[in-house]
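The structure appears below as structure tokens.
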Amino acid sequence: MTRKSSSGAGIGSKDRSADYSRSVAGADEPKKARSGEAPASTSAVSPFVPQGGDAPARIASVPDALAGERLDKVLAKVFPEFSRSRLQSWVEAGRVRVNGQPAKVRQPVALEARIELVPDLLPEELAFTPEPVELEIVYEDEALVVLNKPAGLVVHPAAGNWSGTILNGLLHRYGEAAAGLPRAGIVHRLDKDTSGLMVVARTLEAQTDLVRQLQARTVKRRYFALVWGEMPDEGTVDAPIGRDPRERTRMAVVTGAAGKPARTHFRTIDRIVWQRQPVSAIHCDLETGRTHQIRVHCAHLGHPLLADPVYGGMRGRRSSVPLPGGFARQALHAWRLGLVHPQTRRTMHWVAELPEDMTGLAAALGFGEEGEIDEGDEGEFEFIEDEAYDGGMIDAGDEDIE
């Protein structure tokens with residue numbers, strides 16, 4: 001889908017070239033310790049993963065104090081993060097090699113022998129393992145990185161998605177710097193099947209500042225969505241969101257203490273009729289960032305997002321109806337992002353054009369020629385004055401999940 005350029009869309013020093021996480025092939029091989037630099041018993045992480053789902057191999061060299069000792073005793077010393085029983089079970093399962101050879105629990109190990117362990121970890125133990133996940137970098141500097149997340153990529157590990165997430169990719173790309181930050185620098189999230197822009201901090205100072213901006217509601221996030229029905233020209237949905245009391249796995253507009261304040265501003269930019277059903281293209285600006293906020297608020301109005309698998313059937317409208325091209329994820333894209341840079345204090349804006357699946361859907365539905373939608377947004381992406389920040393800290397984990 002072609003898009004009209006907006007005046008004053010300051011993108012700073014954005015680099016649109018493909019910038020992906022490095023491959024593990026040779027990129028992160030353990031370096032040999034030089035004399036006097038590190039204890040010989042210090043274990044390292046190897047990128048070698050012999051079986052799908054295993055943790056990366058851990059490498060250790062036998063120090064003077066343990067030379068000649070039995071393997072089980074040496075393992076307990078050089079890999080103290082694991083219990084003796086687990087280590088023994090891994091030896092018996094062939095997950096431990098000494099100098100490249102299968103090992104036995106009671107065999108003595110020589111000085112500087114190379115021990116390689118491939119742990120068989122539980123899913124939750126693998127959650128914070130570096131992995132070479134492809135990350136599309138829109139902008140990057142020493143304080144922050146802006147990503148364009150594709151649909152289908154999970155932001156951080158959770159039940160059902162313990163690996164292959166953006167967090168794993170950040171740990172791989174930035175190493176110890178990311179590992180030393182809460183959530184590897186993540187300050188807000190997008191649903192698995194929502195595409196678009198998100199910002200990640202690269203330092204603790206930047207992370208603290210970005211979280212404060214989110215709480216102060218000065219980070220501007222504009223989404224593009226396709227919804228069923230004739231949406232009003234513009235408006236604001238001011239309705240608290242909490243867990244659905246009838247189905248705890250999803251969210252809903254709720255009253256009382258169970259609901260958190262949630263406000264979404266929307267503007268309709270185009271409408272069409274597809275197979276006798278009206279469809280609206282809208283922009284949504286988040287003032288708050290509750291779980292599934294846009295999806296819940298649109299469904300609450302009786303205009304659920306196209307292809308939304310959770311909220312598509314609300315108010316009698318079926319967003320699960322087969323769509324052109326087999327489009328099968330909620331039609332939602334985090335299109336524009338604006339914030340104050342935590343170091344330079346410059347106001348910065350970024351734009352992520354619609355991905356191919358959404359441009360193809362728009363074209364097939366009949367939005368303009370070749371799917372072009374009249375954005376109705378020739379003006380600058382304006383920052384609205386918000387209430388002053390009170391200086392407190394928040395749990396960023398509940399912010400910006402549509």
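The values are calculated or read from the model by the stated rules, or taken from the named source; none is laboratory data. Not measured: the values here are computed from a predicted model. Here the Cβ positions follow ideal geometry from the backbone for every residue, glycine too, while neighbour counts run over all protein chains shown.
Details
- Residue in the range 264-285 that is at pLDDT 95 or above, in the same structural domain as LEU305 (by TED's automatic domain parsing) and in a loop (DSSP other than H, G, I, E, B) present: no
- Against the test of being assigned to a helix (DSSP H, G or I), in contact (Cβ under 8 Å) with a residue 40 or more places away in the chain, in the same structural domain as ARG202 (by TED's automatic domain parsing) and closer than 30 Å to PRO309 by Cβ, the options ASN148, ASN168 yield a single qualifying residue, ASN168.
- Every pair of residues 6+ apart whose Cβ atoms lie under 7 Å, when the first sits in the range 94-121 and is more than 14 Å from ARG58 (Cα to Cα) while the second is hydroxyl-bearing (Ser, Thr, Tyr) and surrounded by 14 or more Cβ atoms within 10 Å (Cβ to Cβ): GLU112/SER61
Yes/no per residue for (1) outside any strand (DSSP E or B); (2) touching a Leu at 6+ places or on another chain (Cβ under 6 Å):
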position	(1), (2)
ASP209	yes, no
ARG212	yes, no
LEU226	no, yes
VAL237	no, no
ALA257	yes, no
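- Flag if VAL155 is assigned to a loop (DSSP other than H, G, I, E, B) and either under 25 Å from ALA60 (Cβ atoms) or in contact (Cβ under 8 Å) with a residue 24 or more places away in the chain (or both): yes
- The sole residue among PRO56, PRO47 that is in a loop (DSSP other than H, G, I, E, B) and modelled with pLDDT of 50 or more is PRO56.
- Qualifying residue in the range 114-132 (condition: surrounded by fewer than 23 Cβ atoms within 10 Å (Cβ to Cβ), of a type in the set (Ser, Thr, Tyr) and within 13 Å of the chain's Cα centre (by Cα)): no
- Verdict on THR291 being of a type in the set (Val, Ile, Thr), buried (at least 19 other Cβ atoms within 10 Å of the Cβ) and in the same structural domain as THR268 (by TED's automatic domain parsing): yes
- Here THR255 passes the criteria (1) at pLDDT below 95; (2) within 25 Å of the chain's Cα centre (by Cα); (3) of a type in the set (S, T, N, Q) except the one numbered (2).
- Check on HIS349, within 26 Å of GLU287 (Cβ to Cβ), modelled with pLDDT of 95 or more and either touching a Ser or Thr at 6+ places or on another chain (Cβ under 7 Å) or not assigned by TED's automatic domain parsing to the domain that holds LEU147 (or both): no
- Qualifying residue in the range 309-316 (condition: more than 28 Å from the chain's Cα centre (by Cα) and either aromatic (Phe, Trp, Tyr) or assigned by TED's automatic domain parsing to the domain that holds ASN148 (or both)): yes
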